[in-house]
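Okay, so here's the structure we're looking at.
The values are calculated or read from the model by the stated rules, or taken from the named source; none is laboratory data. Quantities reported herein were computed from a predicted structural model and do not represent experimental measurements. Here the Cβ positions follow ideal geometry from the backbone for every residue, glycine too, while neighbour counts run over all protein chains shown. We work out accessible area using only protein heavy atoms, side chains counted, and drop any ligands, DNA or RNA first. Shrake-Rupley method; radii C 1.70, N 1.55, O 1.52, S 1.80 Å.
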Amino acid sequence: MSLRSSRNIKFVDSDILVIGGGFGGCGAAYESRYWGRNLKITLVEKANIERSGAVAHGLSAINCYMGMQWGENQPADFVRYARGDLMGLVREDLIFDIARHVDATVHKFEEWGLPIMKDPETGRYLREGKWQVMIHGESYKPIIAEAARKSASEVHNRIMVTHLLMDKVRPNRVAGAVGFNVRDGSFYVFRAKAVIVAAGGGSHIFKPRSVGEGAGRTWYAPWSSASAYGLVLRAGAKMIQMENRVVLTRFKDGYGPVGAWSLLLKAITTNAYGDNYEAARFDEIKSLVGKYAETKPMPTCLRNHAMLQEIKAGKGPIYMQTQKVLDTKEKEEIGWEDLLDMTVGQAVVWASQNIDPKEKPSELTTSEPYVMGSHATCSGAWASGPEDCAPTDYQWGYNRMTTVEGLFGAGDTIGGSAHKFSSGSFTEGRIAGKSAVKYVMELAGNLPQVDEVQVKMLEETIFKPLENFEVGRNEIVAGSVAPGYISPLQGLQRLEKIMDEYAGGIGTFYVTSEPMLNRGIELLSMLKEDLDHIGAEDIHQLQRAWELNHRVWTSEAVLRHTLYRQETRWPGYYYRGDYPKLNDAEWHAFTASQYDAKTGEWHMSKLPVHHIIE
Ligand SMILES: Cc1cc2nc3c(=O)[nH]c(=O)nc-3n(C[C@H](O)[C@H](O)[C@H](O)COP(=O)(O)OP(=O)(O)OC[C@H]3O[C@@H](n4cnc5c(N)ncnc54)[C@H](O)[C@@H]3O)c2cc1C
């Protein structure tokens, strides 16, 4: 019996549907309940919210905390910091909005049981750096998941959302979403008055450094499949800064975090000869990007750039001099715990390579690029800003609503506001939740309608990879190579190769150009055609097929944005070899795109960057 004929169909009606139960989604569910006491709030998650998302495994620091109760920092300071790190281009209104609320979020985390380390001398939270506070964070995710579970009317774990549903009569309004249960294959139709997408950014878009036996080991969790972008951009939401991919400097091979080592323990980074190359390369960097080189601290991408130049000059490996700072037992514990709280694999790499950080330095390197909106980059949807501080052309309705009516976002979904991290993403979820409640309450009788024809078509599309496999496997004569279909893994490897070789991955030292990008788009369009011929041998592979689909759409946005933006603004994240310099006269602007599902066309444009903080 075919899987199709035995399929269950489930309908779930809600006032507010939250897609993705990571940091943004849990914040959205929590706050929606606070303002919408009687509303039906549904949270849907492809894994299990207890341990899901980018940092399911835990963290050792909360990276966004002002400390206003002790007068440590003010929201405007944070805007200046994020603006500096992104070399001038951020949505200051959105960042300010998060910064003014984020402390309250962190205080709630502590109230809910998250152990935050204290400075024994001051009694305040122990600072890792100016914006970070240290936590014992192995159980960080279960703690925030509990708050979401208690707030949502229903949590549907193990449902992979594949598409958003659009309103039958108003094409630019969202009406819900569809997906399938990754355990039993049931088809789910979620009808909702408002939808908040918090489905996270994307790893495995560019070919990772770890291949062969280490395949799958990446800095960003391998299950982060860019669904935040794959869902909203196909619904016609305007996107910004999709070219602004992130590259991280981390301990080599294990991708272990360096924050506690450099910021708290003050370990320095040198080239193989012990030289401080960052300082030595300052003038060279200044000639490339001008005043932005003087930003303190030096922007993340420029620090990558200095390292890359050093490696190209043959002065690598680059080392973090851990052995010079571990002079007490406490410091040694902090160093190890930093890895054990969030990247146990790094400790294993050190053990396997006979590295005792007390005895020898450890290699650092740059990662492959990732696409995300909450870390040191800000890809994502263009969103309406807060009424009291967003410039008028940044507001068209409800705070954190995208350009699609009723469609909100949080965390990696929303573009222009880098450095939210875990606490800021939860805070943004809260902001989006509050707005979505207001939207639903003001809808009155004007409710969205789901188009049954659209639902039927999507059902066929979603389960087609199972049929492709059932039919296509009969043509296999030996092994597993099928003439009639490609597997999700084959598709993923093809995508990673295209992005690596043409869009500025590790294979080209992050360099790309107009001809390379055009060739990448050409090859990607062929891969998109082949997505209709993906074969999934079971429900698990069906999930992989749809994760690939979201990654491919996101990649197209990355390619098109990178092509449209004719400058190199963030050397160290990527280089336009044909436009190697930063060009403020033309490009002190956001890069925007909008996909039109009716025509299949992408409309590219620039959007103004307004500075609201001195
Ligand atoms: C490696 C790494 C280290 C980090 N370190 C720190 C740190 O030290 N301190 C700090 O404060 N922050 C840190 N961050 C940042 C923080 O993790 C993110 O900012 C935050 O998780 C973003 O929240 P989000 O809700 O957008 O995405 P996520 O938290 O990733 O949540 C997305 C959720 O959506 C679900 N989902 C995805 N696709 C679908 C789909 N199609 N259908 C249904 N559900 C779906 C996922 O399973 C997941 O639960 C780190 C991030 C990374 C990647």
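Scanning the stretch 270-308 for residues that are more than 18 Å from Leu364 (Cβ to Cβ) and among the charged types (D, E, K, R) turns up Asp283, Glu284, Lys286, Lys291, Glu294, Lys296.
Counting only strands (runs of 3 or more DSSP E) that fall entirely inside the stretch 169-260 and contain at least 3 residues that are open to solvent by less than 10 Å² (accessible area, probe 1.4 Å), within 30 Å of Phe11 (Cα to Cα) and touching a Gly at 6+ places or on another chain (Cβ under 6 Å), the qualifying elements are 187-197. Looking at the structure I just gave you, is Val471 surrounded by fewer than 17 Cβ atoms within 10 Å (Cβ to Cβ), more than 14 Å from the chain's Cα centre (by Cα) and in a loop (DSSP other than H, G, I, E, B)? For Val471, the condition - surrounded by fewer than 17 Cβ atoms within 10 Å (Cβ to Cβ), more than 14 Å from the chain's Cα centre (by Cα) and in a loop (DSSP other than H, G, I, E, B) - is not met.
Note on the stretch 314-354: residues that are in contact with a helix residue (DSSP H, G or I) (Cβ under 9 Å, 6 or more places away or on another chain) and of a type in the set (Gly, Ala, Ser) total 4.
The single residue among Gly380, Gly373 that is on the phi > 0 side of the Ramachandran plot and modelled with pLDDT of 95 or more turns out to be Gly380. Within the stretch 378-404, the residues that satisfy the criterion of being surrounded by 21 or more Cβ atoms within 10 Å (Cβ to Cβ) and out of contact with any His (no Cβ under 9 Å at 6 or more places or on another chain) are Gly380, Ala381, Trp382, Ala383, Gly385, Tyr398, Asn399, Arg400, Met401, Thr402, Val404.
For the stretch 494-504, the count of residues that are modelled with pLDDT of 95 or more, on the phi > 0 side of the Ramachandran plot and under 21 Å from the mean Cα position of the chain (by Cα) is at least one. Open to solvent by less than 10 Å² (accessible area, probe 1.4 Å) and either without any contact (Cβ under 8 Å) to a residue 12 or more places away in the chain or touching a Pro at 6+ places or on another chain (Cβ under 7 Å) (or both): does that describe Gly416? No.
Yes or no: Lys291 open to solvent by 10 Å² or more (accessible area, probe 1.4 Å), among the basic types (Lys, Arg) and part of a helix (DSSP H, G or I)? The answer is yes for Lys291.
From the set of residues in the stretch 147-168 that are in a helix (DSSP H, G or I) and surrounded by fewer than 24 Cβ atoms within 10 Å (Cβ to Cβ), which is farthest from the ligand (Cβ to nearest atom)? Filtering first and then ranking leaves Lys150.
Taken over the stretch 267-288, residues that are among the hydrophobic types (A, V, I, L, M, F, W, C) and part of a helix (DSSP H, G or I) amount to 5. Select from the stretch 243-270 the residues that are farther than 16 Å from Ile311 by Cα and of a type in the set (Phe, Trp, Tyr) and write down the one among them that is nearest to the ligand (Cβ to nearest atom). So the residue we want is Tyr255.
Residue by residue, here is whether (1) surrounded by fewer than 22 Cβ atoms within 10 Å (Cβ to Cβ); (2) among the basic types (Lys, Arg); (3) near the ligand (Cβ under 6 Å from one of its atoms) holds:
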| position | (1), (2), (3) |
| --- | --- |
| Gly24 | no, no, yes |
| Ala28 | no, no, no |
| Ser32 | no, no, no |
| Trp35 | yes, no, no |
| Ile49 | no, no, no |
| Gly58 | yes, no, no |
| Ala61 | no, no, yes |
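Would you be able to say whether some residue in the stretch 411-432 is more than 19 Å from Val195 (Cβ to Cβ), aromatic (Phe, Trp, Tyr) and within 11 Å of the ligand (Cβ to nearest atom)? Yes, the stretch 411-432 has at least one match. A count restricted to the stretch 298-333 and to residues that are free of Cβ contacts under 8 Å to residues at least 24 places away in the same chain and farther than 30 Å from Asn354 by Cα stands at 1. Entry remark, the stretch 12-42: residues being within 16 Å of Leu164 (Cβ to Cβ) and among the hydrophobic types (A, V, I, L, M, F, W, C) number 6 in total. As for the stretch 341-361, it holds at least one residue that is among the acidic types (Asp, Glu), open to solvent by 20 Å² or more (accessible area, probe 1.4 Å) and more than 22 Å from Val246 (Cβ to Cβ).
The set of residues from the stretch 480-529 being open to solvent by less than 50 Å² (accessible area, probe 1.4 Å), over 22 Å from Asn244 (Cβ atoms) and hydrophobic (A, V, I, L, M, F, W, C) comprises Ala482, Ile486, Leu492, Leu523, Leu527.
Screening Ala228 against (1) within 12 Å of the ligand (Cβ to nearest atom); (2) of a type in the set (A, V, I, L, M, F, W, C); (3) free of Cβ contacts under 8 Å to residues at least 12 places away in the same chain leaves a single unmet condition, (3). Of His107, His101, all but one fail to be within 16 Å of the ligand (Cβ to nearest atom), in contact (Cβ under 8 Å) with a residue 24 or more places away in the chain and in the same structural domain as Asn181 (by TED's automatic domain parsing); the exception is His101.
Residue-level analysis places Glu387 among those that are without any contact (Cβ under 8 Å) to a residue 24 or more places away in the chain, in a loop (DSSP other than H, G, I, E, B) and within 27 Å of the chain's Cα centre (by Cα).
Test Phe408 against the criterion of being among the aromatic types (Phe, Trp, Tyr) and either open to solvent by 10 Å² or more (accessible area, probe 1.4 Å) or near the ligand (Cβ under 9 Å from one of its atoms) (or both), and give yes or no. Answer is no for this residue.
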